[in-house]
1. Please count how many residues of segment 94-105 are more than 6 Å from ligand 2 (Cβ to nearest atom) and part of a loop (DSSP other than H, G, I, E, B).
2. Only residues that are assigned to a strand (DSSP E or B) and either out of contact with any Pro (no Cβ under 9 Å at 6 or more places or on another chain) or of a type in the set (Lys, Arg) (or both): list them for segment 6-28, please.
3. With Ala205, Ala163, Ala181, Ala254 as the choices, which residue is touching a helix residue (DSSP H, G or I) at 6+ places or on another chain (Cβ under 9 Å), within 16 Å of ligand 1 (Cβ to nearest atom) and not assigned by TED's automatic domain parsing to the domain that holds Tyr93?
4. Condition check: in a helix (DSSP H, G or I), surrounded by fewer than 20 Cβ atoms within 10 Å (Cβ to Cβ) and not hydroxyl-bearing (Ser, Thr, Tyr). Does Arg155 satisfy that?
5. Does Leu77 satisfy the criteria of being within 16 Å of ligand 2 (Cβ to nearest atom), farther than 19 Å from Ala5 by Cα and over 19 Å from the mean Cα position of the chain (by Cα)?
6. Residues to consider are Leu269, Leu280, Leu332, Leu324; find the one that is buried (at least 19 other Cβ atoms within 10 Å of the Cβ), in a loop (DSSP other than H, G, I, E, B) and touching a helix residue (DSSP H, G or I) at 6+ places or on another chain (Cβ under 8 Å).
7. Any residue at all in segment 301-309 that's outside any strand (DSSP E or B), at pLDDT below 95 and among the charged types (D, E, K, R)?
8. Looking only at segment 96-111, count every residue that is more than 16 Å from ligand 1 (Cβ to nearest atom), surrounded by 15 or more Cβ atoms within 10 Å (Cβ to Cβ) and closer than 14 Å to Ser313 by Cα and tell me the total.
Amino acid sequence: MKIQAAILEGVGQPFILDELDLAEPGPGELLVRMAASGVCHSDWHLVTGATKHPFPLVPGHEGAGIVMDVGPEVKRLQPGDHVVMNWAPDCGYCFYCQHGQTNLCETFTRPIWGGTMLDGTTRLQYRGKPTYHFCGLASFAEYAVVSERSCTPIRRDVPLPIAALVGCAVSTGVGAVIYTAGVRPGETVVVLGCGGVGLNIIQGAVLSGAAAIIALDNNPHKEALARQFGATHFIPSGANSRGDVLELTSGRGADYVFEAVGLPALQELGLRLTRPGGTLVLVGLSHVKEPTNLSGAFIARQGKIIKGSYYGSINTHRDFPLLLDLYMAGKLNLDSLVSQQYTLSQINEAYQAMLTGDVARGVVVF
Ligand SMILES: [Zn+2]
Ligand SMILES: [Zn+2]
């Protein structure tokens, strides 16, 4: 079938909007009519080259939609189901899945980072040439063919533009707090960076009962947003950030520090803001070639713990419905997270707005 989608032809190029051919779903695959797709920084990493990927490709990896058709061997889903997509389609059987770490499943990494479906081929063609699917989803498109493993059915009373955000930012942020870190009531949390992920770390800390939630961002306009999501303090990042945080944490530093941007300098600051025996959680993705200078002696002497958090250590099929139940119960603020809606033709504008930083999360609505 013919579909309209955003296409990226190479590093440094703008997103272009054009018509592509989308093949029918293969075994274990679904055709989904996209309802919404979030504007996440990870797609921008394709534009800057921070993430290596074959071109041309259709970006988009934070999507929700409605199943229109199913391929052979599809077992769990049927046409009409509302689904949220995940970019880590776990198998359920490998070493990691058997150890409760489905976010690290070893079966999806190669095809997903190769830009194909799980069987190593593509369903998209642009001007007669095979075209790659970002994260096996390619959700900046009217329709997408995706693996059944990439989709979780959800309750139908959640608006799909809200549900889409659970596919990346909400899971990554809230999961980092409740699963990767395991923050407990009364503990102190510092959040470095108040973008889509950082705001969800803040609300994850609220859910966990953190006593103090100190948010830092280099954009002072983020203060109102950070406080709206539950930050108890806001510090504009600058030369004095470390002193300001120490003052708020009895001179010790925080029990948990979350780095949500992926900048080596912020990761290094994060270690210094972590109290002895406390935990620094790295959530933001830095450029693959950018090293971070974290002092080994400092880590050993002060018993500090450094943890990586990928996809919030969640199990997508268990946690997407859980997070949406929390939203419907009024315990997760996803309404204020969708600060701006765009049409697909406004996608370049949407990314410019994300980069200038005044939005919580933009969403392309189809
Ligand atoms: Zn994302
Ligand atoms: Zn697996």
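The values are calculated or read from the model by the stated rules, or taken from the named source; none is laboratory data. Being a predicted model, the structure only gives us computed values, none of them experimental. Because the Cβ atoms are built from the backbone with ideal geometry, glycine has one as well, and the counts that use them run over all protein chains shown.
1. Residues meeting the conditions: 3.
2. Those that are assigned to a strand (DSSP E or B) and either out of contact with any Pro (no Cβ under 9 Å at 6 or more places or on another chain) or of a type in the set (Lys, Arg) (or both): Ile16, Leu17, Asp18, Glu19, Leu20, Asp21, Leu22.
3. Working: Ala205 fails: within 16 Å of ligand 1 (Cβ to nearest atom); Ala181 fails: within 16 Å of ligand 1 (Cβ to nearest atom); Ala254 fails: within 16 Å of ligand 1 (Cβ to nearest atom).
It is Ala163.
4. Taking the combined requirement at face value, the residue does not satisfy it.
5. It is false that Leu77 is within 16 Å of ligand 2 (Cβ to nearest atom), farther than 19 Å from Ala5 by Cα and over 19 Å from the mean Cα position of the chain (by Cα).
6. Values: Leu269 fails: in a loop (DSSP other than H, G, I, E, B); Leu280 fails: in a loop (DSSP other than H, G, I, E, B); Leu324 fails: in a loop (DSSP other than H, G, I, E, B).
Matching residue, one of Leu269, Leu280, Leu332, Leu324: Leu332.
7. Within segment 301-309 (the criterion being outside any strand (DSSP E or B), at pLDDT below 95 and among the charged types (D, E, K, R)), the answer is no, since none of the residues qualifies.
8. 6
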